[in-house]
Amino acid sequence: MPDRTTEGDQTLIPPSFHAVHADARGRLRLPRDEFRARYELCEDLAQALVEQAQAIRHDLGVTEADVLVRIDAGLRSPDAGLAEGEAAWVLTRLAELLDWPWPRRPGD
């Protein structure tokens, strides 16, 4: 079930993102406001990467999977500022937005 982070908040946070920040019992490991901010950051990042991914594909003439692998490397860099699991979520979301195949890798 999607998570509404605060009373009256209309932002639906998908279960896939909730899983990134949940413990084994499904409870969030960070405060709700921070959780919501992390979701908004990751969703905005995925949205912002759509145009860049399309440009890489067009300009370099590489496959969709090659583009995603390149972006994945950047997202997993410590400089990206993403928490554990967020890079994989952003990449999966980016693939969804582009309608490109991207099978989840084990452990992601």
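Tell me, which residue of the range 3-21 that is over 14 Å from the mean Cα position of the chain (by Cα) and surrounded by 11 or more Cβ atoms within 10 Å (Cβ to Cβ) is modelled with the highest pLDDT?
Among residues in the range 3-21 that are over 14 Å from the mean Cα position of the chain (by Cα) and surrounded by 11 or more Cβ atoms within 10 Å (Cβ to Cβ), the one modelled with the highest pLDDT is Leu12.
Show the residue pairs that are 6+ apart or on different chains and have beta-carbon atoms under 9 Å apart, the first residue being within the range 45-58 and in contact (Cβ under 8 Å) with a residue 40 or more places away in the chain and part of a helix (DSSP H, G or I), the second being acidic (Asp, Glu) and exposed (fewer than 14 other Cβ atoms within 10 Å of the Cβ).
Ala46/Glu96
So which residues in the range 20-44 are in contact (Cβ under 8 Å) with a residue 60 or more places away in the chain and part of a helix (DSSP H, G or I), if there are any at all?
Val20
Filter the range 60-97 for residues that are out of contact with any Cys (no Cβ under 7 Å at 6 or more places or on another chain) and acidic (Asp, Glu); which is surrounded by the fewest Cβ atoms within 10 Å (Cβ to Cβ)?
The extreme case among them is Asp79.
Within the range 66-89, how many residues turn out to be part of a helix (DSSP H, G or I) and farther than 18 Å from Pro103 by Cβ?
So the count comes out to 5.
Pick from the range 22-65 the residues that are in contact with a Lys or Arg (Cβ under 8 Å, 6 or more places away or on another chain), acidic (Asp, Glu) and within 16 Å of Asp99 (Cα to Cα): which of them is modelled with the highest pLDDT?
Checking each candidate, the answer is Glu43.
The values are calculated or read from the model by the stated rules, or taken from the named source; none is laboratory data. Bear in mind that the values here come from a model prediction, so they are computed numbers and not experimental data. Every residue, glycine as well, gets a Cβ built from its backbone with ideal geometry; the counts of neighbours run over all protein chains shown.
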